[in-house]
Amino acid sequence: MPRGKAGTSAAAKKPRAPKGPKLPAPFASGTILQDLKKKQWKLGNEVGKGGFGLIYLASEDANSPVPSTAEHVIKIEPLSNGPLFCELHFYQRVSKPDMIDDWVKNKKMKYLGVPKYIAHGTHQRDKENFRFMVMPRFGSDLQKIFEGCGKHFAKETVLALGLRMIDALEYLHENGYVHADIKASNILLGFSNQQQLQDQVFLVDYGLALKYSPDGSHKQYKEDPRKAHDGTIEFTSTDAHKGVAPSRRGDMEILAFCMLQWLCGKLPWEDKLLDKDYVANSKIKYMKNIPSLMKACFPNGESQDEISTFLTMVSKLGYDEKPNYTKYKEVFKGGLKKLGVKDEWKLSLPISGPANKRGLKRKSEGGAECSTPKKTAVEKVRGTPKAAAASGSRQGTPKLAAKRRQGTPQGGKGRGTPKVPVSVQSPVNGKAVKSPQKLKSPTKVKTVKSPVKSPAKGTRLSKPSTTRRKVKRSKAPKVDACVQTSPC
């Protein structure tokens, strides 16, 4: 089907009336809800708020307080709101636990990144009716992790995420649905036994999900200016920009744009997201010339063969054509094999350690170096004077201190503990001497072999320590578990 130029904005089409979903007043902790099967659920603290509803911790035990470690959440909206209604229809038809379990077994998978349906019901408060849905609790969303890593994931992480998302999308498509809003904030870590699962991701938020063949045949390609640009502007498909109904092709294109952003950090059209026609026409232009898109995203010429191949295959898909999921996965698995990755189910997300607290340096703007940092041997420093360490590393190195405050690790490429010991001499002109082997005083002095036996004139030295000490690497706090299941 055609991928022509998107129409012009305001003058060409009549603007739609603004949508005004109603956000309910908060529910009190301890409120009891009853689902359609008469099972009671107790609300805990509010843990999320989207554009359409509220999310609370929930427990099956109506007689006890809801713990902070609860395994379930409840999403609740006014009955008149539409998104949760659409989402419920999807879960009831596609996400039944036995359906997902059978799929996982037949495909010999470790898990499927689609949430399982648990329960739903209605509730009345002050003569106002509400709809609620019980969902599994999840961990942090991928967007928070992406931003915490300086908006860049390593290639092995991106390829592994691509595999898991293709698994999820294939399941949706085989059951007649498309997602239409794939993005990092709609991809959440798993949660079990009071902790988030670092190697499991789930695609959530099915408020825009719909059947692409409601009557048994695929919807016809038809551009509708009134529906133009539906979805999340930076990732939505070229079809959606023209008001065409979502399709399997559209889902694959959206995923490709997401993966491209995770690799390069910023898509070429992100500077002008308010100009929707510019974004649409940029995507249409680049999808007709994938090499130019790769050059725009990776100006330094970094090799990204897998994502380039994936984009090329997606660009050739017909509107109603079934994607070749197996072929896409073969491309990504081949990339992981080249990188020496043996376990395709390991995501290597940088959610703990120095990567989370001190943004890692990348080799270049389009490089692929921001996964979980590899542990390097911590060097043992003998005889480092305590006074000099205190003065040289904290007071006498303003530039390095400033870098630390900005989130750049000291030394090298931003990984691990700096190999050079702290200076044992007060700084000269604000610069710390990198090695205690060669010391220079403000006046010219020859190299001093031992700072204890032959101190330079005018240089203050404290008595060296005779004990060994380890330079400890600071540990960044782990990403807190996020229980917002679907940012609306």
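Taken together, the values in this text are just the output of simple stated rules run on the coordinates, not laboratory data. Here the structure is a predicted model, which is why all the values come from computation and not from measurement. In this analysis, Cβ positions are derived from the backbone assuming ideal geometry, glycine residues included, and neighbour counts consider all displayed protein chains.
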Checklist line | Other-chain or far-sequence residues with amide H under 5 Å of PHE298's (modelled H) | finding: none
Next item on the list: May I ask you to list the aspartates and glutamates whose Cα is less than 12 Å away from that of LYS144, ignoring any residue fewer than eight positions away on the same chain?
Entry: ASP480
Notebook entry, point to check: List the aspartates and glutamates whose alpha-carbon lies under 17 Å from that of LYS110, not counting same-chain residues fewer than 8 positions away?
Noted result: ASP98, ASP101, ASP102, ASP167, GLU170, ASP199, ASP343, GLU344
Next item on the list: Would you mind calculating the gained length between TRP345 and LEU23 on full extension (0.36 nm times residue separation, minus the Cα-Cα distance), in nm to one decimal?
Entry: 112.1 nm
Margin query: With θ taken as phi - 60° and the coefficients 6.51, -1.76 and 1.60, list the Karplus ³J(HN,Hα) couplings across the stretch 183-198 in order, rounded to whole Hz; mark glycine and proline as x.
Written below: 6, 4, 6, 9, 10, 10, 6, x, 9, 7, 6, 6, 8, 7, 9, 6
Check: Could you give me the ³J(HN,Hα) list for the stretch 277-282, computed from phi with Karplus coefficients 6.51, -1.76, 1.60 and θ = phi - 60°, whole Hz, x at Gly and Pro?
Finding: 5, 4, 4, 4, 5, 5
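What is the stretch 32-136's relative contact order, in percent, from Cα pairs under 8 angstrom and six or more apart in sequence?
After rounding, I find 27 percent.
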Check: According to a simple spin-label model (label point 7 Å from Cα along Cα-to-Cβ), what is the distance in nm between SER80 and GLU321?
Finding: 4.6 nm
Note to self: Relative contact order of the stretch 83-136, please, whole-number percent, based on alpha carbon pairs below 8 angstrom and at least 6 residues apart.
What the structure shows: 33 percent
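Between THR69 and ARG125, what is 0.36 nm times their sequence separation minus the Cα-Cα distance? Round to one decimal in nm.
Taking 0.36 nm per residue and subtracting the Cα distance, the gain is 17.5 nm.
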Notebook entry, point to check: LYS337 label point, 7 Å along Cα→Cβ, cut-off 17 Å on backbone N: hits in the stretch 116-158?
Noted result: 156
Next item on the list: Please tell me which of these pairs span more than 20 angstrom C-alpha to C-alpha: LYS75/LYS219; LYS155/LYS295; LYS107/LYS333; LYS295/LYS342?
Entry: LYS75/LYS219; LYS295/LYS342
Item checked: Rel. contact order, % - alpha carbon contacts under 8 angstrom, at least six apart, the stretch 142-338 -> 23 percent
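Apply the a/c threshold of 1.5 to the C-alpha gyration tensor of the stretch 266-331 and tell me whether it is rounded, prolate or oblate.
Here the stretch 266-331 falls in the oblate category.
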Check: Placing +1 at every Lys and Arg Cβ and -1 at every Asp and Glu Cβ, with all other atoms neutral, what dipole size does the stretch 142-338 have around its Cα centre, in debye to the nearest 20?
Finding: 340 debye
Notebook entry, point to check: What shape does the stretch 51-91 take by its C-alpha gyration tensor, where a ≥ b ≥ c are the square roots of the eigenvalues and a/c under 1.5 counts as rounded, a/b above b/c as prolate, and the rest as oblate?
Noted result: prolate
Next item on the list: Would you work out if the stretch 111-238 is rounded, prolate or oblate? Take a ≥ b ≥ c from the square roots of the eigenvalues of the alpha-carbon gyration tensor; rounded if a/c is under 1.5, else prolate when a/b is larger than b/c, oblate otherwise.
Entry: oblate
Next item on the list: Could you list which residues have their amide H under 5 Å from that of ASP275, counting only those 5 or more apart in sequence or on another chain, with H placed in the peptide plane?
Entry: none
Next item on the list: Can you tell me the alpha carbon radius of gyration of the stretch 32-136 divided by the globular rule-of-thumb value 2.2 N^0.38 Å?
Entry: 1.13
Notebook entry, point to check: Can you give me the Cα centroid spacing of the stretch 193-238 and the stretch 250-299 in angstrom?
Noted result: 18 Å
